[in-house]
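Okay, structure first, notes after.
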Amino acid sequence: MLTTVASSTTISCATVSAARIHQRRLVGAPAPTGAPVGGWSASSSVMGTPVTAACGGRSSTSLRSQRTSGGPSSGCAGDVGHRSGGCRAGSAAAARHLIEGSVRDGYADGVASTELPAVDPDEIDRILAEGATLPGSFYTDPRIATLEDEAVFRRTWQIVGVEPEVRRPGDFFTSHISGTNFSVPIVVTRADDGRLRAFVNVCRHRAHFVAVGCGHKKFLQCSYHGWTYKLDGSLNSVPRSDEGGLPPFDRLGLYDLPVDTWRGYVFVALQPAEPLSAAVTGLGTVLDDVGFDFPFAAENADPDFEYVRQVQPMSGPSNWKAMNENNIECYHCPTTHRHSFSDMYKVDPAHYLHREFDRGVYHTSDFQDRVAATLGLTERGGAPEYQFYYLWPNMYLQGGIELGFGGTVERLWPDGVDRWKGEIVSYALPSSREYDPDVIKQVEEWWRLTVEEDRDAAGRVQTGLKSGLYSWGYTLPESERNMRHFYRLVWEALAPSFRH
Ligand code: FES
Ligand SMILES: [Fe+2]
């Protein structure tokens with residue numbers, strides 16, 4: 001149970017106070033407010049990992065990325081071929097391997113068979129058509145969580161970083177794709193040939209990571225016994241290999257995964273059900289219509305600015321869907337966030353817009369007038385000052401007035417049937433604007449409260465769901481339209497398994 005919200009313990013960089021505010025808001029907040037992912041943990045012990053500071057691979061004591069003197073003057077020239085969407089041929093082959101459940105050169109797919117609970121798909125169709133929620137058991141039954149692993153989290157593109165992190169040959173960063181019963185470590189690289197690649201970050205020797213954090217290297221060296229790999233994934237060297245006994249090196253490369261980019265964001269998938277371009281079609285239309293900035297797209301990114309990542313882990317005591325549902329509606333804002341998010345933003349139906357698109361939902365609003373005045377926002381009425389976007393199944397972006405603290409990408413994933421984990425990866429932007437420290441302090445407090453309120457509300461919902469006395473509930477057609485859309489997305493993913 002998270003009892004405290006981010007504080008100085010969440011980030012070790014001394015210069016990060018400004019970014020911390022931004023992260024908080026992302027995190028839990030209001031998502032429903034918008035904030036993307038519900039609460040987060042201020043305690044490293046909750047996540048079982050050390051609190052993460054800026055990427056260790058680069059000297060990054062400052063979150064505000066330093067300009068790289070003499071750095072590359074252009075973006076990732078090798079990207080062009082990957083930016084148009086679609087699974088690359090090599091990636092498709094990797095996906096096929098996973099789907100077929102075969103074993104290739106020592107890598108097993110690890111996909112478990114799924115035992116299904118007794119669910120009448122026609123009954124689910126009926127209650128959803130009537131405006132009901134998903135059944136309570138969908139949030140408490142481990143068999144549903146296992147099914148979601150296979151039907152959702154292994155099958156969808158996951159945002160893992162941004163292109164400016166890997167624009168130079170030798171650049172790399174690490175991430176993962178996780179569900180309730182699996183977690184696949186990933187390393188994304190740009191090799192000398194300029195091509196962006198993603199690999200399972202597991203050494204072909206005895207399964208240690210081959211890369212940690214992010215940075216710039218000629219080779220990836222596993223720190224366990226010292227095997228090295230080129231940035232194209234091929235095995236480069238093995239200490240004492242003259243002893244013999246190993247298969248040829250060309251059979252011991254890292255296992256490649258589908259990777260693709262879209263408007264500056266890097267996505268990886270295990271077994272993508274569709275090309276990335278199809279998954280982001282609706283989101284792209286919405287972002288363009290609302291006026292999203294795309295700060296990491298090649299045409300907007302500063303080629304001389306070093307975009308240093310800072311990872312903030314999060315966790316909470318509810319099923320991932322319960323937390324996500326909190327994130328994507330603001331019906332709760334006037335009551336749950338009476339003295340926090342609702343103090344910051346206009347949350348009445350006349351000002352708080354929330355809409356769905358094919359694979360997600362978004363909502364927008366503006367600062368309360370007195371807050372805007374305090375922030376010195378004199379020209380208003382353009383793009384919404386608060387923008388929150390959710391893309392199925394677990395990605396969040398925010399836009400609008402970022403208070404100068406940079407861009408973020410966020411994800412949420414299940415950690416068992418009744419817990420979730422998440423992370424906010426944030427990057428200071430070159431255009432960041434400074435604000436009055438007293439104003440920032442107030443905003444920080446609003447977000448601290450909002451995050452705490454969201455995370456705790458979702459946790460109490462989970463307790464209610466576990467009572468065994470909640471079959472399903474009903475939602476409002478307008479104020480909770482985003483919820484209804486999310487229920488349909490979940491059911492579309494799971495229903496085929498119950499109809500066979
Ligand atoms: S596990 Fe990587 S070198 Fe041994
Ligand atoms: Fe909220």
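The values are calculated or read from the model by the stated rules, or taken from the named source; none is laboratory data. In this text the structure is predicted, and so the values were computed from the model without any measurement. Cβ sites come from the backbone with ideal geometry, for glycine too, and all protein chains shown count toward neighbours.
Numerical summary
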| read-out | value |
| --- | --- |
| Tally, over region 349-367, of residues that are more than 14 Å from Y487 (Cα to Cα) and β-branched (V, I, T) | 1 |
| Strands (runs of 3 or more DSSP E) completely within region 353-454 that count 2 or more residues being over 30 Å from R143 (Cα atoms), at pLDDT below 95 and under 19 Å from the mean Cα position of the chain (by Cα) | 386-391, 395-400, 407-414, 420-427 |
| Test: residue in region 391-406 that is under 18 Å from I159 (Cβ atoms) and aromatic (F, W, Y) | yes |
| Residue check for L283: away from ligand 2 (no atom under 16 Å from the Cβ), within 25 Å of F199 (Cα to Cα) and aliphatic (A, V, I, L, M) | no |
| Matching option when the condition is more than 15 Å from ligand 2 (Cβ to nearest atom), assigned by TED's automatic domain parsing to the domain that holds E148 and either more than 23 Å from V266 (Cα to Cα) or among the basic types (K, R) (or both), among H351, H332, H337, H363 | H351 |
| Criterion violated by I159 - all others in (1) in a loop (DSSP other than H, G, I, E, B); (2) under 30 Å from Y224 (Cα atoms); (3) away from ligand 1 (no atom under 16 Å from the Cβ) satisfied | (1) |
| Residue within region 290-299 that is within 16 Å of ligand 2 (Cβ to nearest atom) and either modelled with pLDDT of 95 or more or buried (at least 21 other Cβ atoms within 10 Å of the Cβ) (or both) present | no |
| Failed item in (1) touching a helix residue (DSSP H, G or I) at 6+ places or on another chain (Cβ under 7 Å); (2) exposed (fewer than 13 other Cβ atoms within 10 Å of the Cβ), with P239 passing the rest | (1) |
| Strands (runs of 3 or more DSSP E) (entirely within region 164-236) containing at least 1 residues that are within 16 Å of ligand 1 (Cβ to nearest atom) and either among the β-branched types (V, I, T) or under 24 Å from I424 (Cα atoms) (or both) | 171-178, 183-190, 196-200, 228-230 |
| Single residue of region 246-266 satisfying the filter (farther than 20 Å from S234 by Cα and of a type in the set (S, T, Y)) that is surrounded by the most Cβ atoms within 10 Å (Cβ to Cβ) | T261 |
| Residue within region 385-403 that is without any contact (Cβ under 8 Å) to a residue 12 or more places away in the chain and on the phi < 0 side of the Ramachandran plot present | no |
